[in-house]
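Chemist: Before I ask anything, let me first share the structure, which is written out below as structure tokens.
A short reminder: the numbers here are calculations on the coordinates, not readings from a lab. Here the structure is a predicted model, which is why all the values come from computation and not from measurement. No Cβ is skipped: glycine too gets one built from the backbone with ideal geometry, and neighbour counts run over all protein chains shown.
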Amino acid sequence: MNRQTIKYGFYSGIFFAIGMALFDYFDREGFNFWKFIFNLFFFGFFMGLVFRPTFRNKLNREDKTEMENNSEN
């Protein structure tokens, strides 16, 4: 679950940071590496926190379904 949360947070942070960098590029501002890193880590961190309960619930449902399938056999 932790690996999935970190992976999801990283990917969402990357996409957000790239999007913000593109907005800066189209506004004719220079690329700011530290702004990119800030967007990546903080947005990714908060998205990971937001979706962690979703991943936990999904894992619990899968475990419950697996236990029900094993009890039927």
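Chemist: How much FRET efficiency would the formula 1/(1 + (r/R0)^6) give for Y25 and V50, where r is the Cβ-Cβ distance and R0 is 30 Å, rounded to 0.05? Walk me through the numbers before you get to the answer.
Modeler: Values: r = 28 Å, r/R0 = 0.92.
With R0 = 30 Å, the Cβ-Cβ based efficiency is 0.60.
Chemist: May I ask you to derive the FRET efficiency for I14 and R61 from their Cβ-Cβ distance with R0 = 22 Å, giving the value to the nearest 0.05?
Modeler: Numbers: r = 28 Å, r/R0 = 1.28.
The pair I14/R61 has a calculated efficiency of 0.20.
Chemist: Take the Cα pairs of the chain, get the Kirkwood Rh, then feed it into Stokes-Einstein at 10 °C and 1.306 mPa s and tell me D in µm²/s. It would help to have the intermediate numbers written out before the result.
Modeler: On the way: Rh = 14.2 Å.
D, rounded to a whole number, is 112 µm²/s.
Chemist: Related question: Quick one: helix 2-26 against the long Cα principal axis of the chain, what's the angle to the nearest 10°, folded into 0 to 90?
Modeler: Long axis of 2-26 versus the principal axis of the chain: about 20 degrees.
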